[in-house]
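Read the structure below first, then the notes.
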Amino acid sequence: MAALGNPDMLTRKIKLWDINAHITCRLCEGYLIDATTVTECLHTFCRSCLVKYLEENNTCPTCRIVIHQSHPLQYIGHDRTMQDIVYKLVPGLQEAEIKKQRDFYQKLGMEVPGDLKGELCNMKTHLDQRNGDAKSEDTANKEAGEEKPEEDNDYHRSDEQVSICLECNSSKLRGLKRKWIRCSAQATVLHLKKFIAKKLNLTSFNELDILCNEEILGKDHTLKFVVVTRWRFKKSPLLLHYRPKMDLL
């Protein structure tokens, strides 16, 4: 108890080196980027590292527990809290990652996604404030209103968009009346499941599986992630199939 009252103990600084093991990826040994956690054991890795690993394995890279015999990618999820912690603890990491993504899109001659533009804008504001160069709130709000078109204030309109064709590959379900949709790249497979279930008047979206290239997609996968990992070199639209879970082999 005496140690708790010691002011030196309360003000002791912890070095980043001491907690590196908790905020780095076991696979690439770098700081976590797009932190993704295995739901079975709660071990966390970079999403790209984990997805690549699970294409050939079905166990956790750390504890070797079996995630799922045939579809381990359905049992991983984005860990926003962990990623926020990593970005706050490691100076310059978020800025470097956003710049890397921006350079990637520019190198391919593609438009930088709206959500990435927003992150770049927020990052610039943060840096200006940190350097003492931020303008007054009234002035900043006025300038933002002048520079930004009104429609840009709608978060989803400024998102990168994905064109999708939703096909049914089971005789137990009917096809959608309108199978062509366009939505935010930040939407997830779960959103599509709910959309299809509503259109087909199903009792639950859990009755569905959505597939790309005959591979079942995890419910937490964003459409952007699906395009980058499953449809990168193919022409738009992104072709997805849906079927009842009972059709699983």
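The values are calculated or read from the model by the stated rules, or taken from the named source; none is laboratory data. Since we're looking at a predicted model, the values are computed, not measured. Please note: Cβ atoms are built from the backbone with ideal geometry, for glycine as well, and neighbour counts cover all protein chains shown. Note: accessible area is taken over every heavy atom of the protein model, side chains too, but ligands, DNA and RNA are not part of it. Shrake-Rupley method; radii C 1.70, N 1.55, O 1.52, S 1.80 Å.
The figures follow:
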| read-out | value |
| --- | --- |
| In the range 33-46, residue surrounded by the most Cβ atoms within 10 Å (Cβ to Cβ) [restricted to those that are farther than 13 Å from P72 by Cα and of a type outside the set (S, T, N, Q)] | F45 |
| Any hit, the range 45-53, residues being touching a helix residue (DSSP H, G or I) at 6+ places or on another chain (Cβ under 6 Å) and either touching a residue at least 60 places away in the same chain (Cβ under 8 Å) or outside the structural domain of I210 (by the TED database) (or both) | no |
| Flag for R232 being at pLDDT 85 or above and of a type in the set (D, E, K, R) | no |
| Failed item in (1) within 30 Å of Y87 (Cα to Cα); (2) at pLDDT 80 or above; (3) open to solvent by less than 50 Å² (accessible area, probe 1.4 Å), with H191 passing the rest | (3) |
| Hits in the range 164-188 (condition: closer than 21 Å to Q74 by Cβ, of a type in the set (D, E, K, R) and modelled with pLDDT under 90) | K172 |
| Residues (in a loop (DSSP other than H, G, I, E, B), open to solvent by less than 70 Å² (accessible area, probe 1.4 Å) and at pLDDT 90 or above) located in the range 47-83 | N57, N58, C60, P61, T62, C63, I65, I67 |
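The rows are residues; the columns are (1) within 24 Å of T36 (Cβ to Cβ); (2) part of a helix (DSSP H, G or I).
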position: R174; (1), (2): no, no
position: R178; (1), (2): no, no
position: K193; (1), (2): yes, yes
position: D209; (1), (2): yes, no
position: D220; (1), (2): yes, no
position: V227; (1), (2): yes, yes
position: R232; (1), (2): yes, no
position: H241; (1), (2): no, no
